[in-house]
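One structure is given here, and the rest of the page talks about it.
The values are calculated or read from the model by the stated rules, or taken from the named source; none is laboratory data. Every value quoted in this text rests on a predicted model; they were computed, and no experiment measured them. Cβ: placed from backbone, ideal geometry, glycine included. Neighbour counts: every protein chain shown.
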């Protein structure tokens, strides 16, 4: 390896990607819990807006993708009845959701789109 290749290889090995903390990190538990309860990205962004946090639904989606394993685990815990309704850390400033529906989801009927046969 010549000197230039060795120097570039060393620079690549030493390179540290800059990490900016997400604006959503202070609200981590609330966002994860809302997403585990099937809240949409738009709904989460709106709730955060009401709390004074300016964030787009796209930012919420990226944040939730980063923590998708944790969201899945929370959903499974809720399905088997574990108490995950209150996050273990300090409460956040997010308001409680009031637009939840209590009706169970039913399978949708299958429609025949072929027309008369």
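Quick notes on this one:
- Scanning the stretch 43-60 for residues being touching a helix residue (DSSP H, G or I) at 6+ places or on another chain (Cβ under 7 Å), in a helix (DSSP H, G or I) and closer than 12 Å to residue 22 by Cα gives a total of 1.
- Taken over the stretch 1-23, residues that are modelled with pLDDT of 90 or more and closer than 27 Å to residue 45 by Cα amount to 1.
- Note on the stretch 1-42: residues that are part of a helix (DSSP H, G or I), under 13 Å from the mean Cα position of the chain (by Cα) and surrounded by 11 or more Cβ atoms within 10 Å (Cβ to Cβ) total 12.
- Failed item, numbered, when residue 53 is tested on (1) within 10 Å of the chain's Cα centre (by Cα); (2) modelled with pLDDT under 95: (1)
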